[in-house]
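Notes follow once the structure below has been shown.
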Amino acid sequence: MTGVTTTKQPRQFQWHGLRVPYVALWSGEREQMAPMARMVGGEWGNERIGYTDELPADRRQETLWVRYSASPGSGTPNLALMHPLRQRRAMEHMLCQVCGRSTYDDGFRRWGDRHLFIRRDPENLPISDGELTTTPPVCEPCAIESARSCPHLRRGYTAALVEYAQPWGVSGFVYDAALKRDPAVTSIPYTDHRIRWVQARRDIATLHGCTPISLDDLATYESAGV
Ligand SMILES: [Zn+2]
């Protein structure tokens, strides 16, 4: 994970008075089907799946990614779904899932070089070290706004300051040698050979150095001066 990102800020959209998260999927954004093939490639010349008209952007390291049109603001947003490639981008660059800006920001420095992660959780179980997540971090202003206004978070959430998010793998559909797709979405670690046979739809990371925090305490944390 690097702090390098573009200075261009993503456009923000409103829906029924709520800000639509950067990672949310819009109804006008669709999967783009592409013909699959078995091929040999990569640094080690391993066999893997690919697209017959594959472009460099279709793959990250050994892993093939789903193709998706990107047109945020088109149609209606589905706040329960994430656009696969914006989710990946947010995880890779530690972008706020709501505003899409880098979370290597003032809050990050004030919290002792840590990112804020939140997950929906009516039972309020703490985020623990090594936990897998597909949910990108969130910046402080967006976290406070979301806790107040997001219908999902209002039913309960848990939050933690996290020292780092380690790339773990992806989730997606696994194909066999006959290019038959397993209908179940499966999580595959980078250490698993199936990482070359999955069409990825989510980036997964593990969270480390987790300290539970209440969003109500963020301001106090600020005054404590880390
Ligand atoms: Zn934000």
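Regarding residue 98, is this residue within 15 Å of the ligand (Cβ to nearest atom), touching a helix residue (DSSP H, G or I) at 6+ places or on another chain (Cβ under 6 Å) and under 17 Å from residue 215 (Cβ atoms)? Answer is yes for this residue.
Residue count for the range 168-184, restricted to those that are surrounded by 20 or more Cβ atoms within 10 Å (Cβ to Cβ) and among the hydroxyl-bearing types (Ser, Thr, Tyr): 1.
Give the residues of the range 104-128 that are within 16 Å of the ligand (Cβ to nearest atom) and over 18 Å from residue 164 (Cβ atoms), sorted by residue number. Within the range 104-128, just 106 meets the criteria.
Do you know which residues across the range 57-99 are on the phi > 0 side of the Ramachandran plot and either aromatic (Phe, Trp, Tyr) or surrounded by fewer than 16 Cβ atoms within 10 Å (Cβ to Cβ) (or both)?
Filtering the range 57-99 down to residues on the phi > 0 side of the Ramachandran plot leaves 61, 73, 75, 94.
Selection gives 61, 73, 75.
Quick check: anything in the range 129-147 within 13 Å of the ligand (Cβ to nearest atom) and closer than 14 Å to residue 204 by Cα? Yes: the range 129-147 contains one or more residues that are within 13 Å of the ligand (Cβ to nearest atom) and closer than 14 Å to residue 204 by Cα.
Where a number appears in this text, it was derived from the coordinates with a stated rule and is not lab data. Remember, predicted model here, so these are calculated numbers, not experimental data. Every residue, glycine as well, gets a Cβ built from its backbone with ideal geometry; the counts of neighbours run over all protein chains shown.
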